[in-house]
């Protein structure tokens, strides 16, 4: 082995940070053999000293002071596993300004301040790697950044939140309502005590912002990404979608038509049963990529958790360590393209989006209802592909379910406003877009 | 844009080589913007001058003399798209000795002479990239080499030959026999006029040899990889496997137990219907990877063809071009690990393999047959999990189909030899391993 050493400093010893420490310590020999240089966990920092022992760290490797990593000229690579905006942002910018390579899984930070971080890295000629920020252990960042770089990426469809996919998979298998399955997911550790960011789609939107930046070279504003979660999805909708041959998934959708109109949105969507994304079960994640030369590629695996995330983080550390060893730090711009820094990515408004729709109307069971609904849709250029009208009940309103041909979001919203104001409509209409 | 230039020389203008030329010419601006340097197709060589015009090459970019690339000090990267062992091997070694980076899709060459090529590249400190040699456009080489480098890879299961997968998918959907579907595949261009290398599993074995080298850092001998193709598979077996809940796929199997016992083999295998590999349809390829930290990852896409292969080749060219620009050629050893060159990978003998088995016996329809077969199996420590005995026919032998628990290949072969020599057995028994 070469006598060369690469020193890693680790910020944050939580669940995943502890996993990174464990992997670096336990597999030091294998990783160093692979690299051809000694890969050393030189220091780990956390405010909770009890985590040091849990991670198997010798006392002299632990500190509660981040400057022991950031100001140490011997540290080559900083692994940021604190999460959240502050102090992670300041630590990362300080590491970059000290000429250190950075690996981070911090999707919230990159989604909101990625342009700032990447520009700082470009100026300082250091590498910033973030494979673990989207899709956990799935090698999707490097695939988009490097392997598929010859392509214009036309679209990405992602299942990027394991909590939502677990809940929807259970709701589909068991027919149980959202709240009940969410409670089960919390009990199993598949959902946080505060599930808001996950189930309302914001975690997925963070990841989509990063995917959009990788595909286009520019960052969208997070607040420009239309985002809907899964808390409104009912077992009835899942069952009815199944009757049309679809499953319900929470999708991150990127459409890159190439004429400058980029669509990015997060919402529940109907996925055809024979599409590979329909088979993504439980806590798994997947990204379906369509490129102009490569065609369709699917990348599938565990999207979260201590071990898969540590796998991705240490993969990034090895890659950055090679740059250190061979003397070419910053060899790859963070987003792959040298064109990075093209300002904010403008997204096409949701009102312009075109897709197929699933509607579930809840109507009084009387003659003429279907005719009335159909007329409003027709007046708005929305044509119906299929209808399921459920047998009448003894009392009360009945569901009328429709699948449309491609229609425009603005027209759909207009039509549903009009329909929902009809006296014969008992509840607001459920809308789910078709992927 | 930087004024830097990276010059590419292309050897071979066949179907895929022509695609590489087209992509480099047509998307020159986009690729150069991405790279931050001018990416130039400087020269293309083929013995068939008519292909130059087809590929849209200006006359001065074409030559029939490979030395115009190999001896030109201005050429930074050589793309080898000739295929086969000679003269490709000599050209690649000459390019390396001239200090040029090399990208190749030549699986036959890498499977048999990879160690020689990689050792030459290591000595000369140049990069050799071969993403397109396995799985076409699927980013699986770089995923194994870089993204998943922190893992010990426990196993890989691959569907790596689109011709076989197309044929098996059709046989499954239509119930038609192998020979008939092969003829259809040839008519559609999914199978070669001479399909031997594909349908008998040798193309898959080449690719498995490369996967095994990426996972272990050492090359197996091609002739050590037990290889069976799909020409013996019948629609009856596909149907009966379906009754047990399985599909039939041609698999490349790598088991890396970590105690030094590495298994690599290619054969038809029963895949559980709910396994993601069972959903890989038609000409698609997929690699299912199990790593000790990342868990299970599936990479899926088009495994062959002009466009997907060109996508992978030009992705490699961009990666090598970065090494040229940043002055770190040979930054990554060809197999990722610095430990490369560990001699020949010894494979565990097939006789030691343990798996479940599907047997289809063809027996005279008389009392005691099942008892007799079961006794031989029991005597060889093979226990039966399920049996389907088809209703008796008016005349002639009947199929008896069994699924076993895990058993050892050597014991299975011994038992089947004994059973097939019984007078009540009408035909050699069909054996398919369970993945």
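The values are calculated or read from the model by the stated rules, or taken from the named source; none is laboratory data. No experiment lies behind these values; they were computed from the predicted model shown. Here the Cβ is made from the backbone with ideal geometry for all residues, glycine too, and neighbour counts use every protein chain on show.
Being buried (at least 20 other Cβ atoms within 10 Å of the Cβ), out of contact with any strand residue (DSSP E or B) (no Cβ under 6 Å at 6 or more places or on another chain) and within 30 Å of residue B:318 (Cα to Cα) holds for only one residue in A:166, A:130, A:118, and it is A:118. For segment B:11-37, the set of residues classified as in a helix (DSSP H, G or I) and either outside the structural domain of residue B:318 (by TED's automatic domain parsing) or surrounded by fewer than 19 Cβ atoms within 10 Å (Cβ to Cβ) (or both) consists of B:15, B:25, B:26, B:28, B:29, B:30, B:33, listed by residue number. Among the numbered criteria (1) in a loop (DSSP other than H, G, I, E, B); (2) away from every other protein chain (no Cβ under 14 Å); (3) touching a strand residue (DSSP E or B) at 6+ places or on another chain (Cβ under 7 Å), which one does residue A:56 miss? The number of the failed condition is (3). Pick out the one residue from A:40, A:8 that is part of a strand (DSSP E or B), crowded, with 16+ Cβ neighbours inside 10 Å and within 14 Å of another protein chain (Cβ to nearest Cβ). Only one candidate passes the filter, namely A:8. Here B:47, B:25, B:35, B:10 are screened, and the one residue that is farther than 14 Å from residue B:78 by Cβ and touching a helix residue (DSSP H, G or I) at 6+ places or on another chain (Cβ under 7 Å) is B:35. Residues in segment B:289-308 that are surrounded by 19 or more Cβ atoms within 10 Å (Cβ to Cβ) and more than 9 Å from chain A (Cβ to nearest Cβ): B:303, B:304.
Within segment A:63-83, is there a residue that is assigned by TED's automatic domain parsing to the domain that holds residue A:10, within 20 Å of the chain's Cα centre (by Cα) and surrounded by fewer than 18 Cβ atoms within 10 Å (Cβ to Cβ)? Within segment A:63-83, one or more residues are assigned by TED's automatic domain parsing to the domain that holds residue A:10, within 20 Å of the chain's Cα centre (by Cα) and surrounded by fewer than 18 Cβ atoms within 10 Å (Cβ to Cβ).
Of the set (1) within 14 Å of chain B (Cβ to nearest Cβ); (2) free of Cβ contacts under 8 Å to residues at least 40 places away in the same chain; (3) part of a loop (DSSP other than H, G, I, E, B), all apply to residue A:194 but (1). Within the option set A:92, A:69, being away from every other protein chain (no Cβ under 14 Å), touching a strand residue (DSSP E or B) at 6+ places or on another chain (Cβ under 6 Å) and over 24 Å from residue A:204 (Cβ atoms) holds for one residue only, A:69. The single condition among (1) within 11 Å of another protein chain (Cβ to nearest Cβ); (2) at pLDDT 95 or above; (3) surrounded by fewer than 21 Cβ atoms within 10 Å (Cβ to Cβ) that residue B:258 does not satisfy is (2).
Consider segment A:297-353 and keep the residues that are in a strand (DSSP E or B) and at pLDDT 95 or above. The one that is farthest from residue A:4 (Cα to Cα) is A:347.
For segment B:291-328, the set of residues classified as over 21 Å from residue B:161 (Cβ atoms) and either within 18 Å of the chain's Cα centre (by Cα) or in the same structural domain as residue B:171 (by TED's automatic domain parsing) (or both) consists of B:291, B:292, B:293, B:294, B:295, B:296, listed by residue number.
In this structure, residue B:151 does satisfy being more than 15 Å from the chain's Cα centre (by Cα) and either within 13 Å of chain A (Cβ to nearest Cβ) or under 20 Å from residue B:249 (Cβ atoms) (or both). Selection within segment A:14-34: residues that are touching a residue at least 40 places away in the same chain (Cβ under 8 Å) and touching a strand residue (DSSP E or B) at 6+ places or on another chain (Cβ under 7 Å). The member of this set that is nearest to the other protein chains (Cβ to nearest Cβ) is A:31. If you check A:286, A:269, A:264, A:252 for being within 14 Å of chain B (Cβ to nearest Cβ) and within 17 Å of the chain's Cα centre (by Cα), only one passes: A:286. If you go through segment A:388-421 and keep only what is touching a residue at least 12 places away in the same chain (Cβ under 8 Å), outside any helix (DSSP H, G or I) and loosely packed, with under 15 Cβ neighbours inside 10 Å, you end up with A:388, A:392, A:393, A:396, A:405, A:406.
Exactly one residue out of A:120, A:132 is part of a helix (DSSP H, G or I), within 13 Å of chain B (Cβ to nearest Cβ) and touching a helix residue (DSSP H, G or I) at 6+ places or on another chain (Cβ under 6 Å), and it is A:132. Filter segment A:266-288 down to the residues that are buried (at least 21 other Cβ atoms within 10 Å of the Cβ) and farther than 25 Å from residue A:185 by Cα and list them by number. Result: A:288, single match. Quick check: anything in segment A:47-58 over 27 Å from residue A:304 (Cβ atoms) and either surrounded by fewer than 19 Cβ atoms within 10 Å (Cβ to Cβ) or at pLDDT 95 or above (or both)? Yes: segment A:47-58 contains one or more residues that are over 27 Å from residue A:304 (Cβ atoms) and either surrounded by fewer than 19 Cβ atoms within 10 Å (Cβ to Cβ) or at pLDDT 95 or above (or both).
Only a single item in (1) at pLDDT below 95; (2) under 25 Å from residue B:293 (Cα atoms); (3) outside the structural domain of residue A:267 (by TED's automatic domain parsing) is not met by residue A:282, and it is number (3).
From the list B:213, B:205, the lone residue that is farther than 21 Å from residue B:301 by Cα and either under 12 Å from the mean Cα position of the chain (by Cα) or at pLDDT 95 or above (or both) is B:213. Put simply, of A:156, A:164 the only residue that is in contact (Cβ under 8 Å) with a residue 60 or more places away in the chain, away from chain B (no Cβ under 14 Å) and touching a helix residue (DSSP H, G or I) at 6+ places or on another chain (Cβ under 9 Å) is A:164. For the residues A:327, A:343, A:315, the requirement of being touching a helix residue (DSSP H, G or I) at 6+ places or on another chain (Cβ under 9 Å) and at the interface with chain B (Cβ under 9 Å from one of its Cβ atoms) singles out A:315.
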